[in-house]
Amino acid sequence: MTTGQPGALRRLTERLTRSAHEIEAAELRRESSDLAGVVHIGDAPQRTTVTVCGEVRSVTLRPREETPALDVEVWDGTESLHLVWLGRRRIAGIVPGIKIQATGRITNRRKVMTMFNPAYEIIGRAGQAHG
């Protein structure tokens, strides 16, 4: 007879066999859930102003002849989002591994979730508690 709840041994086995990626994703989801007003990237509606929070995975300068663009990929454990600042070559403090909170409208650009020129706040290093 089972009660529908996994036993202690099963929970321990699941925890020990999870990959580092799964553990990191769960931690990022939990951290962003703790922040007021923040939605998960995977749950964020498009064309509506939202606030998301996640870890910077990559920072890329997309040079153009007329207008450069800084492309920052952010991951929150549910989905990735590209933050794009037009006319910027770099933003001090935004480097891979940093946690960032961004507010703006999400759109799909070439099947990639993108937020252009968002307001942002650098929160700290990944794994660091906010506050």
Using alpha-carbon pairs under 8 Å, 6+ residues apart, how would you state the relative contact order of the stretch 33-131 in percent? 27
I need the peptides 72-85, 43-56, 108-121 ranked by packing, meaning the mean over residues of other C-beta atoms within 10 angstrom, with the highest value on top. 72-85, 43-56, 108-121
Taking R0 as 35 Å, what's the FRET efficiency between Arg10 and Thr49 from their Cβ-Cβ distance, rounded to 0.05? 0.25
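Computed from the coordinates by the stated procedures, all read-outs in this text should not be read as laboratory data. Quick caveat: nothing in here was measured; it's all calculated off a predicted structure. Here Cβ is always computed from backbone atoms with ideal geometry, including for glycine, and neighbour counts include all displayed protein chains.
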